[in-house]
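Derivation of every value follows stated rules applied to the coordinates shown; laboratory data play no part. This is a predicted model, so every value here is computed, not measured. Glycine also receives a Cβ, built like all others from the backbone with ideal geometry; neighbour counts cover every protein chain displayed.
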Amino acid sequence: MKEKKIKKRLIIGSIVGIILLLGGIYLYKTYALYEEKKEFNILKGKVGDFSTSKDVTLASVIDGNPSDKIPKKNEGYIFESVSCDNKAEAIWDVDKWGIFVSNLTTSRTTCTINFNGVFKDLVHLINSSATNMEELLKNNEDIEKIIQNKEAMELIANNQSLANLITGNENYSVEIAKKFLSSTVISEEAKYNAGLPCYLFLNEKYSSFLGDFTNKMEKGVEASSYDDYGNGRINLSHRNTIYTKISNSPLNLEHYNTLEMYYHHYTNNTSLKGMTMLGVVPSKEDEWFDTNKWTVSNVEVFENTEKNTTLTADISNINDNQHLKLWFKHNGEVEAYTIYNQIYTIALY
């Protein structure tokens, strides 16, 4: 009799234990699922074959709003950023349109990927059929529409990710850069702030982001006299003279490949020899007159001449802020002469 009671209790206890165990598992799963939907409401997946097989949840956000899917590459969305919790790190491959997650140390890690639809807005504004930036930049008609459309240029200038997508694309050529440079529907300051091609000097005016540049002359180490008439007109006299104009505000050159100046040179002295240099120099003032610190143009060497000249400097390897520097060095055979330089344009593209 005792043995039967013991067996009965064991059976009942086992059944109750099994029911409690199953109930606990069900409640845990239900809670976990609720929490994931509540917090992320996006996409649940497992990034396979990590050594510890940690679970990763991908949260997609489009134009600031949660989405239940990651947009396809050809849908016209631009990747903006990706971040993960639990100290995990992620890289979004724009070309492969996929994510690589590393430093996974715990399960239930969430990585949030942000996209925006500003590219779709751009193609809508110009009535283009392009589905990606490659297609857009290969279509000259689309480029012409953009640079003539104020709303389109303002959209690019006000969205850094879109501007970067244009200037960082492999199809972004010098010809396309100069088309953006020629656009007059937004200000040069707006183009510069977005890293788009812009004029530092145009129509006898210096752009405000150069700082106090307009009528300021800095004497070089051999300077003896000068006249600066502003508006891009510079009159120099006496031999062995170096004159420099310097931007008081350093320029952000990160998005640019070329610095270019177009100007007119004239002298009334038949024995004149000299050269002109255009370039940028680090922000330390003690380096401004050390030409070894310059990133310079192809130097123009002149002798008894009057002509229009374009000087260009390769600044593609400069990623920090630097000052603009302009150097006219004139070495004459006589004691006095007059040099006239009329600057037409100074540009970044």
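Going by average Cβ neighbours within 10 Å, how do the peptides 190-202, 163-175 rank, with the highest at the top?
Values: 190-202: 21.4, 163-175: 15.1.
The peptides rank, most packed first, as 190-202, 163-175.
Can you list residues whose amide H is under 5 Å from THR345's amide H, if they're 5+ apart or on another chain and H is modeled 1.01 Å from N?
Amide H to amide H, under 5 Å and 5 or more residues apart or across chains, THR345 pairs with TYR262.
Go through LYS73/LYS138; LYS191/LYS307; LYS150/LYS178; LYS205/LYS325; LYS205/LYS293; LYS191/LYS293 and tell me which ones have a Cα-Cα distance over 21 Å in this structure. Present the calculation step by step, with values, prior to reporting the outcome.
Values: LYS73/LYS138 18 Å; LYS191/LYS307 30 Å; LYS150/LYS178 17 Å; LYS205/LYS325 17 Å; LYS205/LYS293 28 Å; LYS191/LYS293 28 Å.
The pairs that break the limit, which is 21 Å between Cα atoms, are LYS191/LYS307; LYS205/LYS293; LYS191/LYS293.
Can you compute the label reach from THR345? Point 7 Å from Cα along the Cβ direction, backbone N cut-off under 12 Å, restricted to the range 155-177.
Within reach of a label on THR345, which here means backbone N under 12 Å from a point 7 Å along Cα→Cβ, the range 155-177 contributes 177.
Taking H placed 1.01 Å from N in the peptide plane, check which residues at least 5 places from THR258 or on another chain put their amide H under 5 Å from its amide H.
Distant-sequence amide H within range of THR258: ILE315, TYR349.
Apply the Karplus curve 6.51 cos²θ - 1.76 cosθ + 1.60, θ = phi - 60°, to the phi angles in the range 100-107 and return the couplings in whole Hz, x for Gly and Pro.
My calculation for the range 100-107 gives 10, 10, 9, 6, 7, 10, 8, 6 Hz in order.
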